[in-house]
Amino acid sequence: MTALSSTHIVVNGDSHEAGVALDTPLLWVLRDVLNLTGTKYGCGMGLCGACTVHLNGEAVRACQIPLSSIGDKKITTIEGLASAGKLNRVQRAWIEEQVPQCGYCQPGQIMQATALLAKKPDPADADINSGMTGNLCRCATYFRIRKAIHRASRELG
């Protein structure tokens, strides 16, 4: 049995104490301890991207990150993208392009796209295809995802 530990983490700008085992994946801390259920469980192996969050601005798979490896890094979830009740440009583009079909993978897709645009503000299709690799959509909305990323790239902030 793994001993429980109280660990300080910063999620969406707020400080939290997580009283869980240090080997607990970040995904379960977010969902079960902090009740931030926008981050989804998909495959549990880091292959589908449904659990994508940002760790210091980098897109990572929360199902593969143990709490012990977080340290003082800042975590951003889908709930943390909006500011003062206003959706960010990627979230707005997702709505305007009507990207979701079932919607399950979309938080991870949006988080990955946001990280991509932070690194490559005006991506070509090849950049998007490469940057979104590993984020799977069983409804195959990839064309609309690409369209929304292009739309978001044209919008400032």
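Things to note:
- Residue match in region 79-94 (condition: surrounded by 23 or more Cβ atoms within 10 Å (Cβ to Cβ), in the same structural domain as Asp122 (by TED's automatic domain parsing) and without any contact (Cβ under 8 Å) to a residue 60 or more places away in the chain): yes
- The single condition from (1) among the small types (Gly, Ala, Ser); (2) farther than 16 Å from Ala62 by Cβ; (3) touching a residue at least 24 places away in the same chain (Cβ under 8 Å) that Ala124 fails is (3).
- The one condition from (1) in contact with a Lys or Arg (Cβ under 7 Å, 6 or more places away or on another chain); (2) under 25 Å from Arg138 (Cβ atoms); (3) of a type in the set (S, T, N, Q) that Thr77 does not meet is (1).
- In region 119-157, the residues that are among the acidic types (Asp, Glu) and part of a loop (DSSP other than H, G, I, E, B): Asp122, Glu155
- When each of Thr141, Thr114, Thr52 is tested for being under 12 Å from the mean Cα position of the chain (by Cα), among the hydroxyl-bearing types (Ser, Thr, Tyr) and not assigned by TED's automatic domain parsing to the domain that holds His8, the lone residue that passes is Thr114.
- Test for Thr52: is it surrounded by 15 or more Cβ atoms within 10 Å (Cβ to Cβ), polar (S, T, N, Q) and under 20 Å from Thr7 (Cβ atoms): no
- Those residues of region 35-46 which are on the phi < 0 side of the Ramachandran plot and surrounded by fewer than 14 Cβ atoms within 10 Å (Cβ to Cβ), in sequence order: Cys43, Met45
- Residues (touching a helix residue (DSSP H, G or I) at 6+ places or on another chain (Cβ under 9 Å) and either surrounded by fewer than 22 Cβ atoms within 10 Å (Cβ to Cβ) or under 21 Å from Ala82 (Cα atoms) (or both)) located in region 15-25: His16, Gly19, Val20, Ala21, Leu22, Asp23, Thr24, Pro25
- Hits in region 138-157 - residues which are modelled with pLDDT of 95 or more and closer than 19 Å to Ala59 by Cα: Tyr142, Ile145, Arg146, Ala148, Ile149, His150, Ala152, Ser153
The values are calculated or read from the model by the stated rules, or taken from the named source; none is laboratory data. Since we're looking at a predicted model, the values are computed, not measured. Methodologically, a virtual Cβ is constructed for each residue, glycine included, from the backbone with ideal geometry; neighbour enumeration extends over all protein chains shown.
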